[in-house]
Amino acid sequence: MAKLDELQDIVVQTRRDILRMVHKVNSGHPGGSLGCTEFLVALYNEVMDLKEGFDMDGKDEDLFFLSNGHISPVFYSVLARKGYFPVEELNTFRLLNSRLQGHPTTHEGLPGVRVASGSLGQGMSVAIGAALGKKLNGDDKLVYSLHGDGELQEGQNWEAIMYAAGNKVDNLISTIDRNGQQIDGPTEEILPLGNLKEKFEVFGWDVLEVAEGNSLEAIVNALNEAKSRTGKGKPVCIILDTMMGNGVDFMMHTHAWHGKAPSDEQLENALGQNPETLGDY
Amino acid sequence: MTKYIDQGKNDTRSGYGDAMTELGRTNPNVVALCADLIGSLKIQPFIDENPERFFQVGIAEANMMGIAAGLTIGGKIPFASTFANFATGRVYDQIRQSIAYSDKNVKICASHAGVTLGEDGATHQILEDIGMMKMLPGMTVINPCDYNQTKAATLAIADHVGPVYLRFGRPKVANFTPVDQKFEIGKAVMLSEGTDVTIVATGHLVWEALIAAEKLEEQGISAEVINFHTIKPFDEEALLKSVKKTGCVVSAEEHNFLGGLGESVARTLTVHNPTPQEFVATQDTFGESGTPEQLMEKYGLNNKAIEKAVLKVLKRK
């Protein structure tokens, strides 16, 4: 395992990337991105079995699908820092003629992205399809997916959740980013999700809950535990309790930064809380 | 005019099912998905021979489109099939984002299109699907006319890389195209040459166009009949070459006049060679229950309607 402090350096640099990307174009979704930074850094740098380079078919390597595409800043930063494309390209986020669209897409040929997402609720179905493809190909690698908690309000998820359990898609690990917030407010006020663990379990999934969803150690342990539970006839769900805006004090404990960029002063403050580690792009 | 013989009525969906059986034997990458309509889509033989390559998703079309998109990653060629209404309108955004915008090699295979679905009524009779699908960037849209052509089209789209919408129907209709005619995507088929009027037809209306042309011939009117089995990409050259000769056109389709074949014809003519055109299509309406024949009569989708439209457009030349 990479030393946790090495992962932590990537986390801090990724936070800086996220903040600078959304600040530059005065748009994007920093809150959810910051909340999932530790998860995606750990997944790509410690947990997934990845091949060098990128090809769409992704045979004999683990695959990841981002369903809540609005947290593209963290996805792009993690992909770039992992070497899928030059980190300098983060400068083009949301600009005209960029491969780094507001929401991720394959359409501009950005390495690391295998499906477009942003219109919510579609990613789990795609991940299931990729997982079924791996089984058909005799490929024993795994498929990971990430979903927002508010996103579970989309009905397609429940079609997918039902399908994955009913058809024993047990090479799939789907993580729910339970930050409790959505654009209009707390999920429990907008449309209560109820007991997610019980909901997934009653549909037939093997479920892990992680209370410390912004702890690298807790995340790595949970993902390793989830991996050990694959291949046993059930899809695996990780319910990750995260803090939206994690790592920037004024962006935490609120839904206000779901889709809002920081001002110049706020950026300076936020970056001050996260000193450069691996070098800004 | 060139005469065509009905080799025996058959349904276009059986052309799909029989081609799937063939693809199951010849192309190991082809996989099939269905949303609780195996019998209607005629794919039981494929399932019997390739159970591991079939995915029953249940009554969950949105999930089916997403799973199909995911299956392409790793090299599979998914054929996702259900009724046309549930294969398009119900899942438009899933097709748009996960398939079309994501450049996924998914074949959306849609039976029971149009009013000829019959007694089930308007909830199931989609007349807007060609329009929805042809508006999606990168989507190929095909509406074959009979059993033989549907079978050939199904085989052809397996070799085409990119998303395809293949539209066919429920009732048994005349089967008249040559049994081994190669299907060329985007290439209209000249069925009968003529000099006075061009009839461009797609799907079930192609046979009706041939009947209309015979009746017109008895009146001394020479109609050219072209089968536009592919609506997108649209074979502009075939249309323009014909109207240059005839000077007027009737488009015929089992679809709303908004968004269908007729509109692609009109757009092409407007840009390149403005020409009088009449539309045989539904007039911005939903369907209703009835037999296919009754519905085609009531909604003006048969050879009588085509004949009438020809007589009208000839006066506008």
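The values are calculated or read from the model by the stated rules, or taken from the named source; none is laboratory data. These numbers come from a predicted model, not from an experiment. In this analysis, Cβ positions are derived from the backbone assuming ideal geometry, glycine residues included, and neighbour counts consider all displayed protein chains. Heads up: the accessible areas ignore ligands, DNA and RNA and are worked out on the full protein's heavy atoms, side chains in. Shrake-Rupley method; radii C 1.70, N 1.55, O 1.52, S 1.80 Å.
Structural remarks
- The range A:107-130 - residue that is facing another protein chain (nearest Cβ under 8 Å) and surrounded by fewer than 24 Cβ atoms within 10 Å (Cβ to Cβ) and, of those, farthest from the chain's Cα centre (by Cα): A:107
- Some residue of the range A:219-227 being surrounded by fewer than 19 Cβ atoms within 10 Å (Cβ to Cβ) and free of Cβ contacts under 8 Å to residues at least 24 places away in the same chain: yes
- Taken as a whole, the range B:302-315 holds at least one residue that is over 26 Å from residue B:236 (Cβ atoms), at pLDDT 95 or above and either part of a loop (DSSP other than H, G, I, E, B) or within 19 Å of the chain's Cα centre (by Cα) (or both).
- Test: residue in the range B:72-88 that is free of Cβ contacts under 8 Å to residues at least 12 places away in the same chain and either in a helix (DSSP H, G or I) or more than 14 Å from chain A (Cβ to nearest Cβ) (or both): no
- Residues satisfying the stated conditions in the range B:47-71, i.e. of a type in the set (D, E, K, R) and under 24 Å from the mean Cα position of the chain (by Cα): B:61
- The set of residues from the range B:222-251 being in contact with a strand residue (DSSP E or B) (Cβ under 7 Å, 6 or more places away or on another chain), farther than 19 Å from residue B:270 by Cβ and either assigned by TED's automatic domain parsing to the domain that holds residue B:167 or assigned to a loop (DSSP other than H, G, I, E, B) (or both) comprises just one member, B:229.
- For the range B:192-199, the criterion of being of a type in the set (A, V, I, L, M), touching a Lys or Arg at 6+ places or on another chain (Cβ under 7 Å), outside the structural domain of residue B:134 (by TED's automatic domain parsing) and open to solvent by less than 50 Å² (accessible area, probe 1.4 Å) is satisfied by no residue at all.
- Residue within the range B:201-211 that is farther than 19 Å from residue B:263 by Cα and either assigned to a strand (DSSP E or B) or open to solvent by less than 20 Å² (accessible area, probe 1.4 Å) (or both) present: yes
- Residue satisfying all of: in the range B:103-113; assigned to a loop (DSSP other than H, G, I, E, B) and within 22 Å of residue B:19 (Cα to Cα); most open to solvent (accessible area, probe 1.4 Å) among these: B:105
- Every pair of residues 6+ apart whose Cβ atoms lie under 7 Å, when the first sits in the range B:2-18 and is hydroxyl-bearing (Ser, Thr, Tyr) while the second is assigned to a loop (DSSP other than H, G, I, E, B): B:4/B:176; B:12/B:144; B:12/B:146; B:12/B:168; B:12/B:169; B:14/B:42; B:16/B:42; B:16/B:168
- Strands (runs of 3 or more DSSP E) lying entirely in the range A:151-262 (those with 1 or more residues that are of a type in the set (Ser, Thr, Tyr) and within 14 Å of another protein chain (Cβ to nearest Cβ)): A:172-178
- Any hit, the range B:268-283, residues being under 14 Å from residue B:130 (Cβ atoms), open to solvent by 20 Å² or more (accessible area, probe 1.4 Å) and within 21 Å of the chain's Cα centre (by Cα): yes
- In the range B:96-115 there is no residue matching the filter, namely being hydroxyl-bearing (Ser, Thr, Tyr), more than 14 Å from the chain's Cα centre (by Cα), within 14 Å of another protein chain (Cβ to nearest Cβ) and over 24 Å from residue A:107 (Cβ atoms).
- Here residue A:84 fulfils each of the conditions (1) closer than 30 Å to residue A:154 by Cα; (2) under 17 Å from the mean Cα position of the chain (by Cα); (3) hydroxyl-bearing (Ser, Thr, Tyr) apart from (1).
- The combined condition, being within 8 Å of another protein chain (Cβ to nearest Cβ), in contact with a Leu (Cβ under 9 Å, 6 or more places away or on another chain) and in contact (Cβ under 8 Å) with a residue 40 or more places away in the chain, is not fulfilled by residue B:57.
- Among the helices (runs of 4 or more DSSP H) confined to the range B:1-64, the ones with at least 2 residues that are over 20 Å from residue B:118 (Cβ atoms) and open to solvent by less than 40 Å² (accessible area, probe 1.4 Å) are located at B:12-26, B:44-49.
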